[in-house]
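Read the figures in this text as sums done on the coordinates, not as results from a lab. Values in this document were obtained by computation on a predicted structure and should not be read as measured data. Backbone-built Cβ (ideal geometry, glycine too); neighbour counts: all protein chains shown.
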Amino acid sequence: MRKIWGLRRWRRNPLRRRTDVVEACAALIAASLILLVAPAVGWASGSLAHGALVKAAREQRAERHLLSATVVKVLPHPPIDSDPETASARDAHRRVLARWTGPDGSKHEGTLGAHPGADPGERFRIWTDDRGRPVGRPLDTATAATHAVLAGIGAAGATAVLVDGARRLVVWQLMRRRYVQWDIAWERAGQDWGRADADS
């Protein structure tokens, strides 16, 4: 309640400038937009992204097939890499020459990644398209939901940043105007304002 009384007193303060009122209004509008519009934009973006990702996941599940491939030969590891990220990815899979039959009955052979302990003759699962070409695993609903949530958070954050950036631009313009007004006021006061021997 004291803050409200402080605002009322501030409204009647003779030292209050018009730029102060504009700056306060810009801050109030920016806060309102950040609290109300940013979450709405985030929710709408997340909902749209979720719908698109679920549709894409459904299409991928319809177009991709889980098949069995047989290891023909284990291929040697590539030379040792000093990069820990690529080294750990290399250790998680073993390159093998494999043979598989596509969903359309076509025979295929190629280099694939299998689990580290894969041996010749062993069977493992791969995802292929309708022609039997290896493809990535289809998007699942949990991953789609996670991406949609991240898209919504990103959209809300970007909206908040844009609103705050606009508010800062307004405040910067107001500060430039204040400096101009101060310069004019100092020029009006004259060169010897405040001196003890000045005729004031």
Other residues with Cβ under 14 Å from the Cβ of Thr128 give, with Lys and Arg +1 and Asp and Glu -1, a net charge of +3
Summing +1 per Lys or Arg and -1 per Asp or Glu among the other residues with Cβ less than 15 Å from Thr101's Cβ gives +2
Under 17 Å by backbone N from the virtual spin label 7 Å along Cα-to-Cβ at Ser47, the residues of segment 153-187 are 153-156
